[in-house]
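First the structure, in the form of structure tokens, and then the observations on it.
The values are calculated or read from the model by the stated rules, or taken from the named source; none is laboratory data. Since we're looking at a predicted model, the values are computed, not measured. Reconstructed Cβ throughout: ideal geometry from the backbone, glycine too, with neighbour counts over all protein chains shown. Each accessible area value is taken on the protein alone, full model and side chains, heavy atoms only, with ligands, DNA and RNA left out. Shrake-Rupley method; radii C 1.70, N 1.55, O 1.52, S 1.80 Å.
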Amino acid sequence: MNPAEDGPKRVVRAALVKVLTHHRTDRGMRLEEHAARCVRPGEVHELVTTDQWDPRPGARIDRVGFLGFAELVCGGVIDRGDVVSVGDTPVGTVLGFDACHLPNHYNILIHTPRPLSGRDLRLRPEASVAFVQGRPVAEDARDMTADATGR
């Protein structure tokens, strides 16, 4: 989010369609250069957590936990810094996107204190997911000291 350019936006809502239960320490995802992506209703994207915070384009993300796949209920914009909640529980903050599976789906990378899987959070299909506009976040990893909710 860029406070000099960005005004308020709608909450992007989704429903979990498949729970994933595994972790990896060697995943090798690459952060896309774009800090925001427009999304459409009906798209399905993968939710991936990581304790790594490196917002530089091309940053390698290895330590991950897989939450699952979520189908978007409405279109909107997902930005770096958005808070991701499942049900009423904040899970983490959007770090960015990995596009290795496009055009099928994005991996939406979510910064958390430690990588979490769907099993760790006891997720179930049809759980509601929300991407809520967050506060601006530091582009430089050395400046990033926020917890998983960006506070």
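Miscellaneous remarks
- Total residues in segment 102-149, condition more than 17 Å from A14 (Cβ to Cβ), modelled with pLDDT under 95 and open to solvent by 20 Å² or more (accessible area, probe 1.4 Å): 15
- Subset tally (residues that are open to solvent by less than 30 Å² (accessible area, probe 1.4 Å), among the aliphatic types (A, V, I, L, M), touching a residue at least 60 places away in the same chain (Cβ under 8 Å) and under 17 Å from A127 (Cβ atoms)) for segment 39-82: 3
- Flag: G68 matches the condition of being modelled with pLDDT of 95 or more, in contact with a Pro (Cβ under 9 Å, 6 or more places away or on another chain) and at positive phi.
- Here G92 fulfils each of the conditions (1) more than 16 Å from A70 (Cα to Cα); (2) at pLDDT 95 or above; (3) of a type in the set (G, A, S) apart from (1).
- Some residue of segment 11-22 being over 19 Å from G87 (Cα atoms) and open to solvent by 30 Å² or more (accessible area, probe 1.4 Å): yes
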